[in-house]
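Okay, structure first, notes after.
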Amino acid sequence: MPTIARILDANANRAREALRVVEDGLRFVLELPDLTDEAKRLRHLLAEVLTRRFPGIRLSSFRDSRRDIGRGKDVAAPADFASVLRNNLARAAEALRSLEEYAKCVSVEASRDFDRIRFGVYEMEQRLFGRMLRNRFPVPCLCVILDMRPGGKSVVSLAEQIAPARPDVVQLRAKQMGAREMLSAARRIRAILGTETLFIVNDRPDVALLSGADGVHLGQTDMLPSDARRMLPCGIIGRSCACVRDVIRARKEPVDYIGFGPVFQSPTEPGRKARGIAALTEAVKRSSIPVLGIGGISPGNIGEVMRCGAAGAVVLSAIEEATRPERIVRSLRRIVKTAHRAVHALPSRTQSRYEREKTS
């Protein structure tokens, strides 16, 4: 029993300490109340299990820190914040696995408890790093749509032309194409863009997953974002919204950005009524995530879209019809970034809810 008790004591300390490091990072750096509470709950649950399953036994009384042959073996090395979180989550999980196995020598019930806590750590890690990956959506943002359709321009060729200009996001749309053709194009575009540009697939989480895209954009009649999130736990999910009611609903969905429009009359969707700058402004105010204006956006009106507080703009025809698409992308990116800086420098009442929360 003394030897087993030393193992239990050492790993209980390791797990508690690691969970506390994670909790502090979630609380003071990332300021994520839900995950902070979860880290605290798991830490307290561990303490409660140790007390309940080993009544009358003080594991610390079997401790022999002075003669521990593992003392001083950890070598300090430079680490960034994400590595600190990841390393301590791994440390907690490893310690809990050791507790689970060696507790079988003393209490099978305790072993089961440690197993449940360990899987709680795995779930917390997935939620945390999934959220950190999704937070990489760029603001301000110029998003270029590549529209794959019968008789249209080659989306692969267009991707090759605009890639040197490094648009922030490229989105593949293929509403009239089959899944096999869309997947083939998506894989080629992913390879062309590399890691410099986020790549989003329209409507099809399966194509996004298989092509290695960064995420998916969903319309109001597409798969529910909650279902898409099960397929893409770390992927970016965008949502199309055409009115403020849609924006308010999106706040309750697991989405990372909104495409609002059409802001202006769009040649690609002639049957849809333009919502206008006033509606986009209201959508921006109501949203807690980035809102991109979409629909009929051109070099002549993109500045107006950005001045209303939008996080970015989505363009299609302006690029597709250009004789030199790369030059247009570079020009639009400059306008987007300049206008966003100007809005960001104004008093908070002119900023979006998302921008106010990011700077508060």
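The numbers here are math on the coordinates, done by the rules we state, and not lab data. Nothing here was measured: the structure is a model prediction, and the numbers come from that model. Quick reminder, even Gly has a Cβ in these numbers, built from the backbone with ideal geometry, and neighbours come from all protein chains shown.
Things to note:
- Of the three principal axes defined by the Cα atoms of region 125-228, the extents in descending order read 44, 31, 22 Å.
- Residues whose amide H comes within less than 5 Å of that of residue 171, counting only those at least five positions distant or on another chain, are 144, 145, 146, 200 (H built at 1.01 Å from N in the peptide plane).
- Size of charge dipole - the chain - debye, nearest 20, with Cβ of Lys, Arg +1 and Asp, Glu -1, no other charges: 440
- Structural descriptor for the chain: relative contact order 13 percent, calculated from alpha carbon pairs under 8 angstrom and at least 6 residues apart.
- Environment charge of residue 234, counting only residues whose C-beta is closer than 15 Å and scoring Lys/Arg +1, Asp/Glu -1: +3
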